[in-house]
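Input: a single structure, listed below in structure tokens.
The numbers here are math on the coordinates, done by the rules we state, and not lab data. Worth saying up front: this structure is predicted, and the values here are computed from it rather than measured. Cβ atoms come from the backbone with ideal geometry, glycine included; neighbour counts cover every protein chain shown.
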Amino acid sequence: MSLAPPDPAEPSARQAEILAAALDCMVADGDRFSMASVARAASCSKETLYRWFGDRDGLLTATVRWQAAKVGWPQPLSGPASHQAVRETLAAFAERWLAVITGEASIGLNRLAVSHPGPAPEALGAIVLENGPRAMAERLRPTFEAARAAGLIAYARFEDAFSLFFGLVVRDTQIRLLLGEGDPPPPSAHAQRAREAADQFLALAAPPPREGDPR
């Protein structure tokens, strides 16, 4: 029986060490990744892994969530949403997001996920999708809804608005890195890309001008 993994946002120091070892094993070992290899890498017993994470799927899920948690959450908006506040919130989140997804660990994890696709919840591809893009979408939902309520953006479906923002932030970076084309962008490039994505999103998602609006 699979046990619930620990809260990925705040693992204990020892759990974080094990999750880091698990991520390294996933990236390095690929199909050879196992509870035994993680136990060896983390200098712990398999019994500890099963007690904390339940089984291999539980460890996979906890590791992916832990990696995604590095992006953090958008800064809550204080008071009515303004264009500047939304722009700063989206840009800051996008910068952290880019830093995580272009890191060596995320690239290796995504390469492994691509080779293990499938709709089954235990498939690594499904785990990465659920705890990667879909988790990021839910973190951004309150910001998007606040911006829409303030009349800064307009959308019929949140999923479409997020897809637009996702494309502007990530572009083709992940695909190129997964294919081994070039090196990850330097950290200094993330801030510029993030600001551009936020500005482009707010421009493209802005509500159409009303009749008589000077815009």
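Would you point out which residue out of PRO184, PRO208 is touching a helix residue (DSSP H, G or I) at 6+ places or on another chain (Cβ under 7 Å) and in a loop (DSSP other than H, G, I, E, B)? Walk me through how you get there before you give the answer.
Working: PRO208 fails: touching a helix residue (DSSP H, G or I) at 6+ places or on another chain (Cβ under 7 Å).
Result: PRO184 is the single residue among PRO184, PRO208 that is touching a helix residue (DSSP H, G or I) at 6+ places or on another chain (Cβ under 7 Å) and in a loop (DSSP other than H, G, I, E, B).
Quick one: is GLN75 in contact with a Pro (Cβ under 7 Å, 6 or more places away or on another chain) and farther than 26 Å from ILE175 by Cα? Answer is no for this residue. PHE165 - would you say it is under 18 Å from the mean Cα position of the chain (by Cα), under 18 Å from THR102 (Cβ atoms) and not in a loop (DSSP other than H, G, I, E, B)? So PHE165 fits the description; yes.
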